[in-house]
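**Q** Pasting a structure below so you can have a look.
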Amino acid sequence: MRYRFLSLIILVLIFLTSCSPKDVDTISDSQPQSIQGQILVWHSFEDKIKEIMQDSLNDYMQIYPNVRIVSEYVPNDQLERQFRQQVNRGLGPDFIFTVSGVIPSLVQDNLIPVIEDFDFSGYLPTAISHVRYQGKMYGIPTSVMTQTLCYNKKKVKLPPKTLTELLQQAKMGYSVGIWSNFVATFWGVQVFGGKSFDLQGNFVFDQNIWAKWMEWLKIAQNEPNMVFNDGIEGLEQGFINNQLAYVFCDSSRLPKYSQGLGKDNLGVALLPGEDNNPAGPFLYSRVILFNQISSPNQQKLSLQLAQFFTNPEQTRKRLSLLEGSFIPANNNVNVNSRLFPRQSILVEQAKTAIAIPLDQVELARVWAKMGNSLYPQVLGGSIAAEDAAHQITETVNQKSSQP
C-alpha cells in the first residue's frame with residue numbers, strides 16, 4: 001500500500017529497458033459483422049472506482065448482449081508482472097487498465113500490439129504523448145492525473161497562492177503534509193524558474209534550480225507545522241482525521257478524501273507558486289492496453305470496448321461519480337466548471353504541468369532513480385544540494401552520451 005500511490009506517479013518514468021522493439025502485430029478498427037464473444041479484462045481498481053468501471057462494462061453488455069465481459073482484479077504492484085507471465089504462456093487478458101509508463105518495456109518484449117486505423121483526433125495531445133512510442137500508438141488513454149493542494153475547509157478559509165504564504169500559514173499553526181521524495185516534490189523546480197524542456201522539446205534537469213528548491217525544502221522542514229513524510233499513508237490518514245490542514249495530493253485520491261472529510265469539507269487549490277512562476281507537477285495518464293497474443297477477433301472486440309469506455313457519455317458519467325478527480329482524455333468532453341470545480345482546478349494546473357513523452361522515459365528513469373536516492377540525503381544534511389544536483393546531472397549526461 002505504501003508504494004502503490006508512488007507507483008502511479010513514477011511508472012511513466014521507470015519502465016524502460018535498453019532492448020530494441022521487436023516486430024509487432026497491429027489492431028485495425030474494423031467493425032465486425034456481428035458483435036459477439038468474450039473479453040477478459042484486468043484492472044487494479046478498488047472500492048468506488050471498481051464499481052464505476054463495472055457499470056461501464058455492464059452498459060456495454062446491455063448494448064451488445066452477445067458479448068460477455070469478465071473482469072478480474074489484480075493488485076497494482078503485481079499487474080505488470082502477472083501480465084508478462086501470462087502473455088508469455090500464451091494466455092492473459094485481452095484488455096488491461098494500467099498506467100502509460102509500462103508501455104515501452106511491454107513493446108520491447110513484444111507483449112502488446114500496435115493500434116492502427118483508430119481515430120485519436122478527439123483525445124488530448126498530452127494523453128496521446130503517453131501512448132505514442134517511437135512513432136506508433138500502443139494504447140487508448142482514459143484519463144489524465146496530476147498533483148494539487150488539498151485542504152480542509154473546516155480549518156482553512158483561504159489557501160495560499162505562494163510558497164511564502166504557505167510558510168506564513170504554517171507559522172500561524174496551519175499544519176501542512178508533504179509527501180517527501182524526489183518525484184512527488186519536483187513541482188517546485190518550476191516555481192524557482194526552472195525549465196523542464198529545451199528548445200527541441202527534450203526533457204532537461206536544471207541542476208542549479210533544483211538545488212535552490214531543495215534549499216527551500218530544507219528550511220521548510222524545520223517549521224513545526226510542516227510535516228514531511230516519505231510515505232503517503234500517514235499523511236492521508238492525518239488529513240482525513242482532521243490532523244492536517246493541508247496535504248499535497250494526487251488527483252486520483254480526491255474521492256477518498258471527499259469521503260473521509262465530507263464532500264463539502266474538501267478544498268482543492270493550485271499548487272503554490274512564487275513571483276509569477278507557477279508550480280510544475282508531473283502529468284500521468286491511465287490507459288487501456290491490449291494483448292499481443294489475443295486473436296484478431298478478440299483484439300477487435302477489445303478495441304471496440306475501449307472506444308465505448310472512453311466515449312464522451314461514459315467519461316461524463318465517471319467524471320460525475322468521481323467528483324471531477326481527473327482530466328478526461330477525451331477532448332470532446334465539455335465540463336461545467338460550476339458543477340465540477342475541482343476538475344476545473346485540475347485543468348488549470350495541467351496548463352503548467354510536465355508531461356514527459358514515452359520516448360524520453362529512459363533518460364527520465366535515470367535521473368528519477370538517482371534523485372530518489374539523493375533526495376533524503378540532501379534533506380538529512382549528509383550532502384549539499386549543489387553536490388547532489390551535480391551528481392544527478394553527471395549521471396544523466398553519461399547515460400545520454402552512451403550509444
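The values are calculated or read from the model by the stated rules, or taken from the named source; none is laboratory data. Note that the structure is a prediction, hence the values are computed from the model and not measured. Positions of Cβ are backbone-derived with ideal geometry, glycine not excepted, and every protein chain shown enters the neighbour counts. Surface accessibility is based on the protein's heavy atoms, side chains included, excluding ligands, DNA and RNA. Shrake-Rupley method; radii C 1.70, N 1.55, O 1.52, S 1.80 Å.
**Q** Quick one: in segment 60-85, which of the residues that are open to solvent by less than 50 Å² (accessible area, probe 1.4 Å) and not in a helix (DSSP H, G or I) is farthest from Q36 (Cα to Cα)?
**A** In this case the residue turns out to be P75.
Here's the yes/no breakdown for (1) over 27 Å from E72 (Cα atoms); (2) surrounded by 19 or more Cβ atoms within 10 Å (Cβ to Cβ):
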residue: V87; (1), (2): no, yes
residue: I96; (1), (2): no, yes
residue: V107; (1), (2): no, yes
residue: I115; (1), (2): no, yes
residue: Y133; (1), (2): yes, yes
residue: Y151; (1), (2): yes, yes
residue: P160; (1), (2): yes, yes
residue: T164; (1), (2): yes, no
residue: S175; (1), (2): yes, yes
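Listed here are the residues, each with its yes/no results for (1) in a helix (DSSP H, G or I); (2) open to solvent by less than 10 Å² (accessible area, probe 1.4 Å).
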position	(1), (2)
Q200	no, no
Q237	yes, no
P255	yes, no
I288	no, yes
L301	yes, yes
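**Q** Does I103 meet the test of being in the same structural domain as S294 (by the TED database), touching a Leu at 6+ places or on another chain (Cβ under 7 Å), not small (G, A, S) and not in a helix (DSSP H, G or I)?
**A** For I103, the condition - in the same structural domain as S294 (by the TED database), touching a Leu at 6+ places or on another chain (Cβ under 7 Å), not small (G, A, S) and not in a helix (DSSP H, G or I) - is not met.
**Q** Still on this structure: In segment 135-149, what residues are surrounded by fewer than 23 Cβ atoms within 10 Å (Cβ to Cβ) and under 18 Å from F97 (Cβ atoms)?
**A** Answer for segment 135-149, where residues must be surrounded by fewer than 23 Cβ atoms within 10 Å (Cβ to Cβ) and under 18 Å from F97 (Cβ atoms): just M137.
**Q** Exposed (fewer than 14 other Cβ atoms within 10 Å of the Cβ) and more than 23 Å from N58 (Cα to Cα): which single residue out of L346, L339, L363, L358 fits that description?
**A** Answer to the check: L339.
**Q** Does A269 qualify as being open to solvent by less than 40 Å² (accessible area, probe 1.4 Å), more than 27 Å from I128 (Cβ to Cβ) and either in contact with a strand residue (DSSP E or B) (Cβ under 7 Å, 6 or more places away or on another chain) or not assigned by the TED database to the domain that holds Y174 (or both)?
**A** yes
**Q** Within the group V361, V333, which residue is within 22 Å of Q190 (Cα to Cα) and in contact with a helix residue (DSSP H, G or I) (Cβ under 9 Å, 6 or more places away or on another chain)?
**A** V361
**Q** Return a yes/no flag: does segment 315-326 have any residue that is on the phi > 0 side of the Ramachandran plot, part of a loop (DSSP other than H, G, I, E, B), open to solvent by less than 60 Å² (accessible area, probe 1.4 Å) and in contact with a Lys or Arg (Cβ under 7 Å, 6 or more places away or on another chain).
**A** yes
**Q** Regarding segment 377-392, can at least one residue be identified that is on the phi > 0 side of the Ramachandran plot, of a type in the set (G, A, S) and touching a Phe, Trp or Tyr at 6+ places or on another chain (Cβ under 6 Å)?
**A** Within segment 377-392, not a single residue is on the phi > 0 side of the Ramachandran plot, of a type in the set (G, A, S) and touching a Phe, Trp or Tyr at 6+ places or on another chain (Cβ under 6 Å).
**Q** Checking the structure you have, find out if any residue of segment 216-234 is closer than 29 Å to M370 by Cα, modelled with pLDDT of 95 or more and surrounded by 23 or more Cβ atoms within 10 Å (Cβ to Cβ).
**A** The answer is no; no qualifying residue exists.
**Q** Hey, among the residues in segment 177-186 that are closer than 21 Å to L244 by Cα and under 16 Å from the mean Cα position of the chain (by Cα), which one's surrounded by the most Cβ atoms within 10 Å (Cβ to Cβ)? Spell out how you get there, then give the answer.
**A** Taking segment 177-186 and keeping what is closer than 21 Å to L244 by Cα, we get 177-181, 184-185.
Subset that is under 16 Å from the mean Cα position of the chain (by Cα): 179, 181, 184-185.
Values: W179: 24, N181: 22, A184: 22, T185: 21.
Filtering first and then ranking leaves W179.
**Q** Select, from V176, V131, the only residue that is closer than 29 Å to E233 by Cβ and either assigned by the TED database to the domain that holds N276 or touching a helix residue (DSSP H, G or I) at 6+ places or on another chain (Cβ under 9 Å) (or both).
**A** Values: V131 fails: closer than 29 Å to E233 by Cβ.
After ruling out the rest, the residue left standing is V176.
**Q** Going by what's in this entry, would I128 be described as open to solvent by less than 60 Å² (accessible area, probe 1.4 Å), part of a strand (DSSP E or B) and under 20 Å from L303 (Cβ atoms)? Talk me through it step by step, then tell me what you get.
**A** Details: open to solvent by less than 60 Å² (accessible area, probe 1.4 Å): yes; part of a strand (DSSP E or B): no; under 20 Å from L303 (Cβ atoms): yes.
Here the answer is no, as I128 does not meet what is asked.
**Q** Report whether or not Y151 is of a type in the set (F, W, Y), under 24 Å from C249 (Cα atoms) and part of a loop (DSSP other than H, G, I, E, B).
**A** For Y151, the condition - of a type in the set (F, W, Y), under 24 Å from C249 (Cα atoms) and part of a loop (DSSP other than H, G, I, E, B) - is not met.
**Q** Right, something else. I'd like the full set of residues that are under 20 Å from the mean Cα position of the chain (by Cα) and open to solvent by less than 60 Å² (accessible area, probe 1.4 Å), limited to segment 327-336. Explain how you work it out, then say what you get.
**A** Filtering segment 327-336 down to residues under 20 Å from the mean Cα position of the chain (by Cα) leaves 327-331, 333.
Matches in segment 327-336: I327, P328, A329, N330, V333.
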